[in-house]
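Report on the structure given below.
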Amino acid sequence: MKKIAIAAALALTVGGCMQQSTPQQLNTTNANSRIYIGSLTCNIAGGTGYVLGSSKSMECVFLSKDGAQSAEYTGTIDKVGVDIGYTKAIHTIWRVYSLGSDRAATTLSGTYVGEQTTAAAGSQAGGNWLYGGPNAEIGMIASGIVQNAGYNLAMGIGAMTLKLK
């Protein structure tokens, strides 16, 4: 029980330090980055954690850092680990980085895996990082606070699959 309380406090601290911004703010802030390619904004369905995992559908739009390219994606986000409670539908913005040479808005389809931690008691705070995609060259980071998200504690491995619409 003590480990769960520590993880929840850490998730709230990390989330509180890095509140979500708009895609335009992220793109302006990261305009000079050589690896930042844009932001992926997603509407993620609500759901129930079944102690050892969960799966939620999502609809996303990618906006390149110059704002010129966009692409729509569908997908799922799956969690394996501790996932207890329920969450309402939320909106998340991922910062997208690439070490590859192909940085077009339509190149994000694929599977990503990484770490995820969230705690929700009305409001939700947490952070996620995922790595993968075509040629395993793309990394994504999301963190922040969401109001009225539900009641949930989740930590473990996350997997996200994206498909171009």
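Taken together, the values in this text are just the output of simple stated rules run on the coordinates, not laboratory data. Remember, it's a predicted structure, so these values are computed and weren't measured experimentally. Positions of Cβ are backbone-derived with ideal geometry, glycine not excepted, and every protein chain shown enters the neighbour counts.
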| message | Students often forget the sequence filter, so: which aspartates and glutamates lie under 17 Å Cα-Cα from K56 once same-chain residues fewer than 8 apart are removed? | response | D78, D83, E115
| request: Give me D78, D83 ranked fewest to most by other Cβ atoms within 10 Å of their Cβ, as a rough exposure proxy. | output: D78, D83
| message | At a 10 Å Cβ-Cβ cut-off, how would you order T87, T106, T161, T118, fewest neighbours first? | response | T106, T161, T87, T118
| request: Collect residues whose amide H, placed 1.01 Å from N in the peptide plane, falls under 5 Å from the amide H of G38; neighbours closer than 5 in sequence don't count. | output: K65, V96
| task | For segment 41-106, state what percent of all Cα-Cα pairs lands in each successive 10 Å bin, counting from 0 Å until the bin that includes the largest distance. | result | 19, 41, 26, 13, 0
| What net charge do the residues around V96 carry, taking every other residue with its C-beta under 14 Å from that of V96, with Lys and Arg at +1 and Asp and Glu at -1? | +1
| request: Just tell me which aspartates and glutamates come within less than 15 Å, Cα to Cα, of K165; anything on the same chain fewer than 8 places away is out. | output: E59, E72
| task | Enumerate the amide H contacts of E115 below 5 Å, restricted to partners 5 or more residues apart or on another chain; note that Pro and chain-start residues carry no placed amide H. | result | W129, G158
| task | Return the distance in nm (one decimal) between the two label points of a simple spin-label model at T76 and S33, each offset 7 Å from Cα along Cα→Cβ. | result | 2.9 nm
| query | At what distance in angstrom do the alpha carbon centres of segment 138-154 and segment 48-115 lie from each other? | reply | 11 Å
